[in-house]
Every structure is written in C-alpha cells, then in structure tokens.
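Student: Have a look at this one.
The values are calculated or read from the model by the stated rules, or taken from the named source; none is laboratory data. Computed from a predicted structure; not experimentally measured. A quick note on method: Cβ atoms are made from the backbone with ideal geometry, for glycine too, and the neighbour counts reach across all protein chains shown. SASA here: full protein model, heavy atoms, side chains in, ligands and nucleic acids out. Shrake-Rupley method; radii C 1.70, N 1.55, O 1.52, S 1.80 Å.
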Amino acid sequence: MSTEPHRLQSALSLALNQPTSRSNEIPLVAPAVRYPVPGAAYAAASNVGEQRPSAQSITSKQQDAHGFGGAARPLFAISAALGASAISIAFDAPAALLASVAGIAVVAAMPLFRRPAREPHPPFLADSQSTDVKMTADADASRAEHDHDRTWELGEFTSHLATMFDSLGDMIAACDLEGSIVFANETFRTTTGCENPVGLTLAQTGIRPVQADETGDRELILGEGAAKTVWTWREAIARDPASGKMFVHYVGRNVTSTREAEAELVEARERAEAASHAKTRFLATVSHEIRTPLNGILGMTHLLSQTETTPEQASYIRTARESGQSLLSLIEDLLDVTSIEAGRLNLRQEEGDLDELVHGVCELMASKAHEKNIEIAVHIAVDAPKRIASDIGRVRQVLFNLVGNAIKFTETGGVLVEVSLENAALVFSVTDTGPGLKESEKAKIFGEFERADNGPTRKHGGAGLGLSISARIVEALGGEIGVESTPGKGSKFHFTVPVADISSGDQTNPLRGPLSGRAVLVIAPRGPVSAAMLWSIRDFGGYAEAASDSESMIAALARLNRTGLILSDIVVDRRMAGQAESLLTAAPTALSDKIARTLVIAPEDSRDLEGHGDHGADAWLVRPVRRTSLINVLTRRDDRDDRNRLASKPRPPVLERTSDNPTLDILLAEDDPVNALMVRTMLARQGHRVTLVENGRALVEEAMNRPGGKMNYDLVITDLSMPELDGRSAIARIRSDEDVNQLDHLPIIVLSADGQAATRDDILAAGADGHAEKPVDPEWLLSLVTMTARKRADAAG
C-alpha cells in the first residue's frame, strides 16, 4: 500500500487543528464533511443553474452560519487535500508536487472566503443603542449569506472533482474498514454494472484484484474473451476529518491496451528470435550439405594437380580449384553474417608474424591482379612489430576482403597495401586507382548487400557482404574502419587493430641501416611496385631513385651524382627489361659493368627464369616484393627465398613422407565415398595405413577393440555427421569407456562441415584432440595428423 496518503493525512490534521481568526466568537463545531452518497455529487452538479437560497431563508440559523464561516477555510483545505490524495493514488505522483497542487487550490479559492473586515465600532451615544443593534443584525445576515454561498460553491467543487476522475476513465471507490462501499463514481458503476454499490463489498460487485508480480502491484481482470479488460488497482487509507473514521480509497485504471501492446511486442520478439534460430539452423544445414561435396571437388583437384599433367590440364585444374574456393568464400561470408547477427562472433587471441600475414594475403591475390595487368605491392613501416598478438585469422579475413575489392574494381594502375604503427595499434590501408566513390556511396558502402554499382547494369559480381563483415569484425576487435575516396581518382580503405607486440628483444626494432651506403636505381613503371621498393630501400638506410623513361632516368642519375654516392645496384622490372638497356645507354655518364643487377618478375613469369641472364641480371625478386628478400638480394645476392616461392612444379605421385615423420595406423570414419577416397589417398601418400568404417557405431566398436588393453590404431579421423551415431556421441562413448576401463587415450581428429566456431569448441570440449573444417586443406590435415601423433608420443614417454 502506498505511503503517500499518510503524509497527506498529516496535512489534513494540521488544517483541522488550526485556530480560527475570530477570537471573540464562541467556537462552534464545523459541520461534518462526509463522503457524498451515490449521486449526490451529480445532483449538486445538476443544480448549478438553480436559484441559490437567499439569506432570509437562513436567518434563524445565523449563529450556525456565523460559526461555519470560521471553519470554511480548513474545510476547503481538507477538500483540496482529499483531491490531491485521489490524484496521488491515480497518478502515483510525488508528495511535494501534490502538496503544491493542494496549496495552489487553497490560494486560488481564498477570494471565495474573504469577507469584508469588521470595521471598528464608531463612537456611539447611549441614546443610539437601537441603531447599533440594527447594524449588527444586518452585518450578521450578510456574513451568513456569504458563508452559505461558500458552502454551495464548495459542493460544486466536489462535484467537479468527481466529474474530472470520470473523464479520466478511472474507477474511484471508498470503503469503510468493514469493507462496505460508501462511495463509487460513475465509471465504477458502469464497469461493474452495479447501479447502487453503496453498502456492498468489492467482491460482491465483482472486484477481485490479484497480485500481478513480486513487486506487490495488484491487477484486476474483468470480463472474458474479447470483452476482457485489465485494470491496475491501487489503494490508500485516509481519515474522515469530520467523523474521525478511517476509509480505504481505491483507484482502478484501465491498462488493457497497454497490456495488449506489451503482449504483441513479446510475441513479435519471440517470432523474430525463432526466425533467427531457424535461419541459423538453415544456413548451418545448407553449409554442411554444400561443404561436403565441395570438399570432394577441391580435394580431388588437389590430388590431380600432384600428378603428371600437361600445361593445358594444369590450367583446367587451377580454374576448377579457384571456382571451388570462390564458392567456399561465399559460404563463409553467409555464415559470418549469421554469427554476427546472432552476437556469436568469436574472437581468438593468437600470435602471428606480421610480414607473413600481409604478404601471404597479397601473394594469394597477386595472380588475379596480374591477370588484369595491374600491380599489387606491399610496404610495411620499419617500426611495425615483427610478431603480434591478435585474432590473426580475422585480421587476415578483413585484409583479404579489402584487397580483393580493390583488385576487383581497379582496371588500370594498381593496389598498394601499407601497414604502420600508431598509438599501439596497427593501421592497415589499401589504396587503389579504381573509379572511386561518391559521398552517397561512401555512406552506405559498409552496409550489408551494398555495392557501389548496385544497379542492374553493374559490371562486377559479388554478394556485397565483404565490407559489411569486415566492418563488424574490426569493431569487435576494438578498431575502426573507414574510406577516403575521390570519384575518378581511386579509393583508400583503412582500418586499425589494437595489437600486442610480442617480438623478442632483438626483433622489436628491426636492424636499421642494412642498406646503408648502397645507392639503388629502380627501373620500373610508375606505380605501387616501384613506390614500395623505393620506400623499403630508404627505410633500411639506402638511397634509391626510380626511372620509367629517359627523362626521369637523367633526372634520377643527376640527383644521385649530387649526393656523392656511387651507384651500387640496378633493379629492373621485367616489364621494362626491353627498354632498360637503351635507358642506361642514354645516361650522361658511363655506368660500371660491376653494378649488380636484379630482375623483378611476376610469379607467372617463373617459366622464363632460365633466360633472365639475357638481361644481365644475376638475381631476381618476385612481385609483390618482400622487404626481407629485397635486403637479402641487395646485400648478399641471395635470392633463394624467392626462388623457393616459385618452386611449384607438379610433383609425381610418390611417397611424400619425410624421414622424421613415422607412418601411422589410422582409423578413418567417413560415410561419403568421395571424401573417404580423398582423405584416404592423402594419408596413403604419406605412407600411413588407413582402415575405413562408414558409421559411428562401427567407429566405437573398432576404436575400443583393444585386446589386452593395447590399441590397434595410433589415430582416429572421423566425420562429425555420421549415420547411426554422430561423431560427437561416438567421441563421448570412447572417452567414457577409456575412463571406466582405465585405457590409454586414443587421439581423435574431427572433420566438420558445419563451419561455426561454437561447433568446433563443442567438439574439442567433448574430447576431440583436433579439428579440421571442410573443405579440408590437405597440407593442414597432414600437419594436424603429424602434430597430434607427436603429442601422443611425447605423452607416452
């Protein structure tokens, strides 16, 4: 029950007890102010237009009226306080506000109670006694009439107050302490259907409020079906100032529409959540069903690429693999969108090499760039850390999306990827020479399914998910992503990632100056490749100039001569190899034959390596050029790193196991015959012996067949989705039997086409030792097999 009426009750008591200002009059008891009987207020309201009683009709009651005039002010204060109490119950308003309302009502009504002040008795003579008596009688009659008018106006105020609550649609009722109703407003009678509820209890009128929740609030439910209404029900206790009796005041407010709206919102939220869960399950199922055959396609093309093939066949195989990888990328984007929407984007803290991260992405995308005859280059600032701690996989994904987009929309020029360190955060930027973006396009480019050319005549494909996913990932990593662009001049996408520098002491700041004293002339087309090489050479203490034609050649050599340095190296891009000799011949001074020469080639130019001596080069670099390779070639003429990068000749189908990796007995559980053939062939080429089972029950039986406690297999590889018994349940049974019988731990690797991080974590928590996602990367699977077998051997002793 609200405590508000208690404070108002104190105010009432204070008003009742205030002394009258008429000290020379005999104090009279004010007429009792009781709750009006039903209809009384309305009768008063209906009599507003009637003739008010005259003073002559109450002349015989002058003394009573005279006494009532002194009590009118506290009486009106009581009415105002009661009105404030009712408003407090209805609106749950604070006491200070309601006290102010009551005060304003009293002040506003004060003119009603003011009467002419008594004028002091004028001097009189003993013989004018009769005149004085007459004047006194006239004054008393005037005051009686005035007080009667005030009483009538006060009743009118009470009527107006009741009318106000009816207009609000609230039920108002009052009961004595025995529970009998002494007053009810029109809304109460209409809602309950009781024309005269006075004398009845609330229960008899159908009012049975119940507690709505643990807060103590009560609600009243009336009717059924479409006629059902819900009311909030509040009560407060107050004392009748005239009789001193306690009454319980009730206020009910109709909140049916509010409750219906709340129920609709809850229902809508539940429907949305159900739809979200259904979409997640649908995508997971579709992902599994697509990944399974895709695993066979990519796996078989991998195996085929390792056989003796003609150049034409190798081209077809490469195209098939690239198409499969594109389909896989789309599936992963859809799963990422689902995970992000559901708030299940899992981040992992891992260590990684920054150079490998950035160059790995750019080298994977280099073939696409070179097919379009555009450049791609990398520049990593010299103060960037060597090794970092972050979610390397997610950073790679964002960089891959940005570089892929830049290549897709660039037709001429090239793409430059830069990495720098600012305020303990890595800043990655991808600059292209594409068509650029308008302001309206920049504002929406990071939205889902948004593309700059989103019309029916767009030139480029794609689902429009890459940038949206990238923005969400960067936000989750604690960084920011943005774009700067000018139509017709290209775009620069950039994002920041807070990282931890975990480089060892000798790697934190790379050795500065390994190229100190060396002067290098780069002959290459203007673009990202030549710019990146110039920056890298200067970063490490060397002096570098670039030339792309005879005019720039003369200017570059002139600047070099002014430095006093002697040209030590000439780096020639293979695209300008035919012009290089003529440019060098046009030099203002003869160049020494002892100047080291290096040839820069594209990866697809590796077939021409045997003939690069025709250009006078004794070493070569591969685009995009790595800074470590650049230093090694310029300082030691050591180009073995780049040669190894291009050593990708087809390998014959022979045993690929190295001498330090022992052969293993492996139990393979796979129900799909294509995938089983692919995995079995991969393992057999490593010299492993493979036994195949086709369902989960057979897997458990074979794995637990351990005569004398000795295991028949070194390792288990199982698909997650298996008939009769799924992979997770099979793992749980194997681990349970091992614990009960105190058997050795059998390593288990799970192949899953689900693709969700939660699934991977659940598998590992169930007892798996490793996880590989379909389509299976052959090299990763073989490495995982080797690492898992080594862990078992180390644990055994």
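Student: If His277 meets every condition in (1) in contact with a Phe, Trp or Tyr (Cβ under 8 Å, 6 or more places away or on another chain); (2) open to solvent by 80 Å² or more (accessible area, probe 1.4 Å) apart from one, which number is that one?
Tutor: Checking His277 against (1) in contact with a Phe, Trp or Tyr (Cβ under 8 Å, 6 or more places away or on another chain); (2) open to solvent by 80 Å² or more (accessible area, probe 1.4 Å), the one that fails is (1).
Student: Within region 169-184, work out how many residues are of a type in the set (Val, Ile, Thr) and either open to solvent by 20 Å² or more (accessible area, probe 1.4 Å) or at pLDDT below 90 (or both). Before you say what the answer is, go through the steps one by one.
Tutor: Going residue by residue through region 169-184, those that are of a type in the set (Val, Ile, Thr) are 172, 181-182.
Remaining after also requiring either open to solvent by 20 Å² or more (accessible area, probe 1.4 Å) or at pLDDT below 90 (or both): 172, 182.
Of the residues in region 169-184, 2 are of a type in the set (Val, Ile, Thr) and either open to solvent by 20 Å² or more (accessible area, probe 1.4 Å) or at pLDDT below 90 (or both).
Student: Okay, next question. Yes or no: region 338-345 includes at least one residue that is outside any helix (DSSP H, G or I), open to solvent by 10 Å² or more (accessible area, probe 1.4 Å) and either without any contact (Cβ under 8 Å) to a residue 60 or more places away in the chain or more than 30 Å from Asn295 (Cα to Cα) (or both).
Tutor: Residues of region 338-345 that are outside any helix (DSSP H, G or I), as a first pass: 342-345.
Next cut, open to solvent by 10 Å² or more (accessible area, probe 1.4 Å) only: 342-345.
The next check asks that each one be either without any contact (Cβ under 8 Å) to a residue 60 or more places away in the chain or more than 30 Å from Asn295 (Cα to Cα) (or both); those that pass are 343.
Yes, the conditions are met somewhere in region 338-345.
Student: Do we find that Ala795 is open to solvent by 30 Å² or more (accessible area, probe 1.4 Å) and over 42 Å from the mean Cα position of the chain (by Cα) in this structure? It would help to see each step written out before you state the result.
Tutor: Working: open to solvent by 30 Å² or more (accessible area, probe 1.4 Å): yes; over 42 Å from the mean Cα position of the chain (by Cα): yes.
Yes, satisfied.
Student: Suppose we filter Ala236, Ala261 for residues that are more than 30 Å from Ile331 (Cβ to Cβ), out of contact with any strand residue (DSSP E or B) (no Cβ under 6 Å at 6 or more places or on another chain) and small (Gly, Ala, Ser); which single one remains? Step through it out loud before you land on a result.
Tutor: On the way: Ala236 fails: out of contact with any strand residue (DSSP E or B) (no Cβ under 6 Å at 6 or more places or on another chain).
Of the residues listed, the single one that is more than 30 Å from Ile331 (Cβ to Cβ), out of contact with any strand residue (DSSP E or B) (no Cβ under 6 Å at 6 or more places or on another chain) and small (Gly, Ala, Ser) is Ala261.
Student: Right, next: Would you pick out the residues in region 682-713 that are open to solvent by less than 40 Å² (accessible area, probe 1.4 Å), of a type outside the set (Phe, Trp, Tyr) and within 13 Å of Asp665 (Cα to Cα)?
Tutor: Of everything in region 682-713, those that are open to solvent by less than 40 Å² (accessible area, probe 1.4 Å), of a type outside the set (Phe, Trp, Tyr) and within 13 Å of Asp665 (Cα to Cα) turn out to be Leu683, Gln686, Gly687, His688, Val690, Ala703, Met711.
Student: A further question follows. Please specify each residue of region 583-600 satisfying the condition of being within 60 Å of the chain's Cα centre (by Cα) and either hydroxyl-bearing (Ser, Thr, Tyr) or assigned to a helix (DSSP H, G or I) (or both).
Tutor: Of all residues in region 583-600, those within 60 Å of the chain's Cα centre (by Cα) come to 583-584, 595-600.
Of everything in region 583-600, those that are within 60 Å of the chain's Cα centre (by Cα) and either hydroxyl-bearing (Ser, Thr, Tyr) or assigned to a helix (DSSP H, G or I) (or both) turn out to be Leu583, Leu584, Thr598.
Student: If the Cβ limit is 7 Å and pairs must be 6+ apart or interchain, which residue in region 270-298 that is closer than 27 Å to Asp671 by Cβ and modelled with pLDDT of 75 or more pairs with which residue that is open to solvent by 50 Å² or more (accessible area, probe 1.4 Å) and assigned to a helix (DSSP H, G or I)?
Tutor: Matching pairs, first to second residue: Leu294/Leu327; Gly296/Val674; Leu298/Arg321.
Student: Further question on the same structure: Counting only residues that are over 21 Å from Leu330 (Cα atoms), within 27 Å of the chain's Cα centre (by Cα) and hydroxyl-bearing (Ser, Thr, Tyr), give me the strands (runs of 3 or more DSSP E) lying completely in region 348-417 with at least 1 of them. Steps first, please.
Tutor: Details: elements: 350-353, 375-380, 387-390.
Correct list: 387-390.
Student: Kindly provide the set of residues from region 745-780 that are in a helix (DSSP H, G or I), crowded, with 19+ Cβ neighbours inside 10 Å and aliphatic (A, V, I, L, M), ordered by number.
Tutor: Result: Ile763, single match.
Student: Moving to a separate point now. Kindly list the number of the only condition in (1) surrounded by fewer than 16 Cβ atoms within 10 Å (Cβ to Cβ); (2) among the polar types (S, T, N, Q); (3) modelled with pLDDT under 85 that fails for Gln742.
Tutor: It is condition (3) that Gln742 fails.
Student: Follow-up. Going residue by residue through region 354-376, is there one that turns out to be over 23 Å from Thr410 (Cα atoms) and either surrounded by fewer than 17 Cβ atoms within 10 Å (Cβ to Cβ) or in contact with a Pro (Cβ under 8 Å, 6 or more places away or on another chain) (or both)?
Tutor: The answer is yes, given that some residue of region 354-376 is over 23 Å from Thr410 (Cα atoms) and either surrounded by fewer than 17 Cβ atoms within 10 Å (Cβ to Cβ) or in contact with a Pro (Cβ under 8 Å, 6 or more places away or on another chain) (or both).
Student: Hey, can you tell me all the residues within region 524-541 that are small (Gly, Ala, Ser), open to solvent by less than 30 Å² (accessible area, probe 1.4 Å) and part of a loop (DSSP other than H, G, I, E, B)? Let's see the steps before the verdict.
Tutor: Taking region 524-541 and keeping what is small (Gly, Ala, Ser), we get 524, 527, 530-532, 536, 541.
Next, only the ones that are open to solvent by less than 30 Å² (accessible area, probe 1.4 Å) stay: 524, 527, 530-532, 536.
Selection gives Ala524, Gly527.
Student: Also: Could you tell me whether any residue of region 405-425 is closer than 27 Å to Asp383 by Cα and of a type in the set (Phe, Trp, Tyr)?
Tutor: Let us first name the residues in region 405-425 that are closer than 27 Å to Asp383 by Cα, namely 406, 414-425.
Those left that are additionally of a type in the set (Phe, Trp, Tyr): none.
Looking for residues that are closer than 27 Å to Asp383 by Cα and of a type in the set (Phe, Trp, Tyr), one finds none in region 405-425, hence no.
Student: Please name all residue pairs, on different chains or six or more residues apart, with Cβ atoms under 7 Å, provided the first residue is in region 683-712 and is of a type in the set (Ser, Thr, Tyr) and the second residue is outside any helix (DSSP H, G or I) and surrounded by 15 or more Cβ atoms within 10 Å (Cβ to Cβ).
Tutor: Filtered contacts from region 683-712: Thr691/Leu667; Thr691/Leu668.
Student: Any idea which of Val230, Val251 is in contact with an Asp or Glu (Cβ under 8 Å, 6 or more places away or on another chain), without any contact (Cβ under 8 Å) to a residue 60 or more places away in the chain and within 30 Å of Ser167 (Cβ to Cβ)? Break it down stepwise before answering.
Tutor: Details: Val251 fails: without any contact (Cβ under 8 Å) to a residue 60 or more places away in the chain.
One residue alone meets the criteria, Val230.
Student: How many residues, within region 467-510, are at pLDDT 85 or above, assigned to a strand (DSSP E or B) and either closer than 20 Å to Leu357 by Cβ or not β-branched (Val, Ile, Thr) (or both)?
Tutor: Residues flagged as at pLDDT 85 or above, assigned to a strand (DSSP E or B) and either closer than 20 Å to Leu357 by Cβ or not β-branched (Val, Ile, Thr) (or both) within region 467-510 amount to 13.
Student: For region 189-212, give me each residue that is under 50 Å from the mean Cα position of the chain (by Cα) and either surrounded by 13 or more Cβ atoms within 10 Å (Cβ to Cβ) or part of a loop (DSSP other than H, G, I, E, B) (or both). Before the answer, list the steps.
Tutor: First pass over region 189-212, keeping only residues under 50 Å from the mean Cα position of the chain (by Cα): 191-192, 206-212.
Listed by number, the residues that qualify are Thr191, Thr192, Gly206, Ile207, Arg208, Pro209, Ala212.
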